[in-house]
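Scroll down for the structure; my scribbles are underneath it.
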Amino acid sequence: MSTKDNVREIWSECFDDTPQWIDMFFSEVYRDDEAVTLCRDKRTVSALMLQQYSMNFHGCNIQAGYICSAATLTPYRGDGCMTELMSQALRQSYKRGDVVCTLIPANDGLYRFYENLGFSPAFHINLERYSSAHTFTTSGQYTATDASSTDGAYTLFQEMMMQRPCCIQHSREQWQHILKDISIDGGCAYILSDADGNGAAIVFAVPVDNTSVRITDILARDSDARLGALSLIRKKYCNLPIEVYGYFDAPQGTDTPRGSMRIINVYMLLRSLAASYPELKANIKVYDPILGQNSHIYTIDRGFAVINDGYMGALDYDVDIEVLTSMVFGNDVTRKILDFPATRPFISLMLD
């Protein structure tokens, strides 16, 4: 069997995706060079996809890996296959030039497992819930069009996504995958235009067991356009309760973990950070048990970051890779307490 066939076999056994969705993924999204597999007894028993994205980070773009569909065949679970496979994927991520690696755990119980591999639960959402009785009143008038048939939809989407300071970005090809993913799930993606015909909001929604609607992301120029998008989804889905995976600036909601991040290349990341904050000075010792290339002392000064293993002075931080990731991708509280330029990242619209 080919690598693709092996990965598909594991996928079909371990996940409950529909045949239509699996066909879409393996015909349009799957790439052999992104598949990471593990063999036992001359058989592929564990596999994952190490996809490639970009992320805007303190004014620049960095390369980000995204791990998805990590699974092991039932007879081989519990003997360390996934830990070995993940370690292999992280090494491959480093080799191909990723600066960070991201993932969305299949369930909350897996956060601890990934923390043991150096991942920090850095991604959060504002989880908003609206009952069927909730109304969304706007002052402006908006016209909705299907995003898949709207000229310039991707350009507007990219512009709005880039306004988020630290966010996983989607290429034009990945944008098409998003639209197909939502369509297969019976969902929708709309562009809202204001009275002057200007793009005001983009909203993505999917039904959940015909009992509620999940808005997987909503981008808007202002609060009124956001209300217009919510009102549109309310009407389309006949007043079903709405759950919103909101960005941090959502007017209400509960802060909820959404995914995990791991620094893959400490030097490249600190170099980008130092260039954006020339006033930053720090001596940081980092320990990485999986990627030994990261285990060094780093000096940040005057806009530069260098490996400085000969440094014998006092350290500002002596941390492992998971703690460093938490520092760099923390919230405003982290920024203030540590006096370190932390920025909380955001992830949305992945094929999870």
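Bear in mind these aren't lab numbers, they're just calculated from the coordinates by the rules spelled out. On a predicted model such as this, the values are computed, not experimentally measured, just so you know. Note: ideal-geometry Cβ built from the backbone for every residue, glycine included; neighbour counts use all protein chains shown.
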Subject >> the stretch 3-98, relative contact order in percent, only Cα pairs under 8 angstrom and at least six apart counted >> reply: 25 percent
Original post:
Which order do peptides 136-145, 264-273 fall in by mean Cβ count within 10 Å, highest first?
Top reply: 264-273, 136-145
Subject >> Principal axis box of the stretch 139-264, alpha-carbon based, largest edge first, Å >> reply: 46, 33, 30
Original post:
Pulled fully out, how much extra length does the chain show between residue 249 and residue 314, if you take 0.36 nm times their separation in residues and subtract their Cα-Cα distance?
Top reply: 19.5 nm
Subject >> Centroid-to-centroid separation of the stretch 58-112 and the stretch 127-181 [C-alpha atoms, Å] >> reply: 27 Å
Original post:
Quick one: of the DSSP bridges fully inside the chain, what percent are antiparallel, nearest 5?
Top reply: 85 percent
Subject >> Computed lengthening from residue 12 to residue 26, 0.36 nm per intervening residue step minus Cα-Cα distance >> reply: 3.9 nm
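Let's see if you can work this out: charge +1 on each Lys and Arg Cβ, -1 on each Asp and Glu Cβ, no other charges. What is the dipole magnitude of the chain about its Cα centre, in debye to the nearest 20? Each step should come with its number before you reach the end.
Working: 30 positive and 43 negative charges, 58 e Å.
The calculated dipole for the chain is roughly 280 debye.
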Subject >> the stretch 23-65 residues near the modelled residue 79 label - backbone nitrogen below 20 Å, point 7 Å along Cα→Cβ >> reply: 37-48
**OP:** Along Cα→Cβ, 7 Å out, is where each label goes; now give me the distance between the ones at residue 2 and residue 307 in nm to one decimal.
**Re:** 3.9 nm
Subject >> Two-site label geometry, residue 138 and residue 223: point separation in nm, points 7 Å out along Cα→Cβ >> reply: 1.6 nm
Original post:
Calculated FRET efficiency, residue 149 and residue 171, Cβ-Cβ r, R0 22 Å, to nearest 0.05?
Top reply: 0.65
**OP:** Using packing as a proxy for protection, rank 105-116, 146-157, 191-202, 223-234 so that the peptide with the highest average count of other Cβ atoms within 10 Å comes first.
**Re:** 223-234, 191-202, 146-157, 105-116
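Considering Cα pairs under 8 angstrom that are at least six residues apart, work out the relative contact order of the chain and quote it in whole percent.
Answer for the chain is 19 percent.
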Subject >> Set of lysines with alpha-carbon distance to residue 281 below 29 Å, sequence-local pairs under 8 removed >> reply: 95, 336
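Once the convex hull of the alpha carbons of the stretch 69-199 is built, what does its volume come to per residue, in cubic angstrom? Walk me through the numbers on the way to the answer.
On the way: hull volume 25.0 nm³, N = 131.
Normalising the Cα hull of the stretch 69-199 by residue number yields 191 Å³.
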Subject >> Read-out Cα extents along the principal axes in Å, derived from the coordinates shown; its label in (i) 64, 55, 34; (ii) 54, 51, 43; (iii) 59, 51, 42 >> reply: (i)
Subject >> the stretch 3-98: C-alpha gyration tensor shape, a/c 1.5 cut-off, then a/b vs b/c >> reply: oblate
Subject >> residue 339 paired with residue 287, simple spin-label distance in nm, labels 7 Å along Cα-to-beta-carbon >> reply: 2.6 nm
Subject >> Antiparallel bridge percentage (DSSP; both residues within the stretch 266-338; nearest 5) >> reply: 65 percent
